[in-house]
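Colleague: Below are the C-alpha cells for one structure; questions will follow.
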Amino acid sequence: MDARLIESRLIELETKISYQDHVIGELNDVVIRQQTQIDQLEKSMLRVHEQLKQSTGSDIARPDEEVPPPHY
C-alpha cells in the first residue's frame with residue numbers, strides 16, 4: 001500500500017473512533033439520567049406503597065356490612 005493511502009485510512013479510522021467515543025459519552029449521560037429517574041420513581045412508589053399500607057382503609061363497606069337502601 002502506498003503511504004498516502006495508509007495515512008488517509010488511518011485518519012478515517014481515527015475520525016470514526018473519535019465520533020464513537022463522543023456518541024458513547026452521550027449515551028452514558030442518557031443512561032445516568034434515566035437511572036436517576038428510575039431511582040426517584042422507585043422511592044416514590046415505596047412511599048405510596050407505605051402510605052397505602054398505613055391507611056385506615058376505604059369508606060366502602062363490605063357487602064355483608066351494607067345497609068339496605070331505604071326502598072326495601
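Colleague: Anything in segment 1-11 that is exposed (fewer than 10 other Cβ atoms within 10 Å of the Cβ) and assigned to a helix (DSSP H, G or I)? List them, or say none.
Modeller: If the condition is that a residue be exposed (fewer than 10 other Cβ atoms within 10 Å of the Cβ) and assigned to a helix (DSSP H, G or I), then Ala3, Arg4, Leu5 are the ones that fit.
Colleague: Return yes or no: is Gln35 out of contact with any helix residue (DSSP H, G or I) (no Cβ under 9 Å at 6 or more places or on another chain) and exposed (fewer than 10 other Cβ atoms within 10 Å of the Cβ)?
Modeller: Judged against the criteria, Gln35 is not a match.
We did not get these values from a lab; they are worked out from the coordinates using the rules stated. Everything quoted here is computed from the prediction, not taken from an experiment. So basically every Cβ, Gly included, is an ideal-geometry build from the backbone, and we count neighbours across all protein chains shown.
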